[in-house]
């Protein structure tokens, strides 16, 4: 009978989570080029070999980080979209309120901020590493928003030719001011998010609200 001790699944999962969380911090701080397996191992409290055993090399680790953060952000985004006003009584007020919730989630959610920072810092240099994020992160968000905007159109509140384009324009308007602050290392307050949301929502509705 073998005396070899195998790692328990829950312990392995916990160790993997520590590696992913440590790697996310290191990649955000140092960028892809500056980050090292040694730095991640030190922060996670594991050996280099443990990282290789769990996630492979640096490319594999980075992809695991992006995939894990994308999954977390997607789950929170889906919860947020449950509050989208598809049958509004007051279209403008309810779209503004939803838009403010959207921006406040960006501000408060560390996972979303990590993803944005990684994408902005490394997306241009390493586009292949962000395939998962593009397909299931930003791309998925646009399609979900487009579906909800289509419901508003079917209810007679909006009119547009292309719901995906309308969703892209809505999200661009909504996040433009927020991203400008984010790029300067500043996170808007809740009150500022409300004002940004109001400006973006009103601009969007002036373009796409159905004329009565």
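Here, each number is a calculation from the coordinates, and none is a lab measurement. A quick note: this is a predicted structure, and the numbers were derived from the prediction, not measured. Neighbour counts are summed over all protein chains in view; Cβ atoms, including those assigned to glycine, are modelled from backbone coordinates with ideal geometry.
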## Note on the structure
With criteria (1) free of Cβ contacts under 8 Å to residues at least 12 places away in the same chain; (2) in contact with a strand residue (DSSP E or B) (Cβ under 9 Å, 6 or more places away or on another chain), residue 205 comes up short on (1)
### Query
Mind checking which residues of the range 38-53 are surrounded by fewer than 19 Cβ atoms within 10 Å (Cβ to Cβ) and part of a helix (DSSP H, G or I)?
38, 39, 42, 43, 48, 49, 50, 52, 53
### Message
Can you say whether residue 120 is under 15 Å from the mean Cα position of the chain (by Cα) and loosely packed, with under 15 Cβ neighbours inside 10 Å, as far as the supplied structure shows?
### Response
yes
